[in-house]
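Just below is one structure, and these are the notes that go with it.
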Amino acid sequence: MSTNALMRVAYREAGRATICEILYGPNVLKHAVIDAEAGEGEVVTFSGLPLPMDCRPPPGRRRGEQVGVVPEKLIDAHGVFAYAGIAAERIALRKDRFAGVDRVAELDWNRWLGAARRGREELARIAKLLSLSRPPEEFYMAYCEEAERLLLPVWHTVEELAEALLERRELMGHHVDRLVHGEEVLERPASPI
């Protein structure tokens, strides 16, 4: 696999890991991995459907109190998470992180339709669980644009994660938590409410 191709995978998974931390907070990410031989990567969470920070009860809420999770917020957060890899790769392209590429052609939205297949399918699966509609053939530019908006202010973190993934090939969730949220983050997930 070429250096550019592996760097693209690293930026994609670093972007997904960063968005996971932004949307879901610490102690949600299990690990981030890149496979140099297969040219793929993966970000895995402890839960198949993590609860976004804005769907969680405020501090001080008592156990068993009604919280009111909104399915649209769940699916929108998951949509941004699913498309975060594409967003990170697009930002890296704009910042000339890959050698010898035609930026104009690479940034054309039509180029990303195939790359978004996995995200679209995962988004459709989660939407079905929530009785919402997100067809697997539709490309959601708005989710990608929102991921870009969230990643730009913390781009240095994405770059640090991408470099660490290139060096180590796997980062455990607590390492990512510490990089994004600071050293005081717990190593193990807190017990559920």
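Quick notes
- Whole-angstrom gap from segment 2-23 to segment 84-109, using each part's C-alpha centre: 12
- Computing FRET efficiency as 1/(1 + (r/R0)^6) for ARG103 and GLU160, where r is the C-beta to C-beta distance and R0 is 22 Å, gives about 0.40.
- Fully extending the segment from MET53 to ALA142, taken as 0.36 nm per residue of separation minus the present Cα-Cα distance, adds 30.0 nm.
- Extension gain, PHE46 back to LEU152 (0.36 nm per residue minus Cα-Cα distance, nm): 35.6 nm
- Inter-label distance, nm, simple model (7 Å from Cα along the C-beta direction), ALA5/ASP96: 2.6
- Partners of LYS128 within straight-line reach, counting lysines whose Cα lies under 23 Å from its Cα and excluding those fewer than 8 residues away in the same chain: LYS73.
- The charge dipole of segment 75-193, taken about the Cα centre with unit charges on the Cβ atoms of Lys, Arg (+1) and Asp, Glu (-1), comes to about 360 debye, rounded to the nearest 20.
- For THR45, distant residues with modelled amide H under 5 Å away: LYS30
- In the chain, taking the dipole from charged Cβ atoms about the Cα centre, the farthest positive-side position among GLY39, VAL154, VAL80 is held by VAL80.
- About the Cα centre, charge dipole magnitude for segment 87-153 (Lys/Arg +1, Asp/Glu -1 at Cβ), debye: 160
- At an R0 of 30 angstrom, the distance between the Cβ atoms of GLU183 and LEU113 translates into a FRET efficiency of 0.15.
- Ordering 106-114, 8-16, 76-84 by mean Cβ neighbour count within 10 Å, with the highest value first, yields 8-16, 76-84, 106-114.
- Net lengthening on full extension, ASP35/ARG168 (0.36 nm per residue, minus Cα-Cα): 46.8 nm
- The sum of -39500 (n - 2.57) across all DSSP H runs of n ≥ 4, divided by the residue count of the chain, sets its helix-only mean residue ellipticity at 222 nm to -16500 deg cm²/dmol.
Here, each number is a calculation from the coordinates, and none is a lab measurement. Fair warning: this is a prediction, and the values are worked out from it, not measured in the lab. Positions of Cβ are generated from backbone atoms using ideal geometry, with glycine treated the same way; all protein chains shown enter the neighbour counts.
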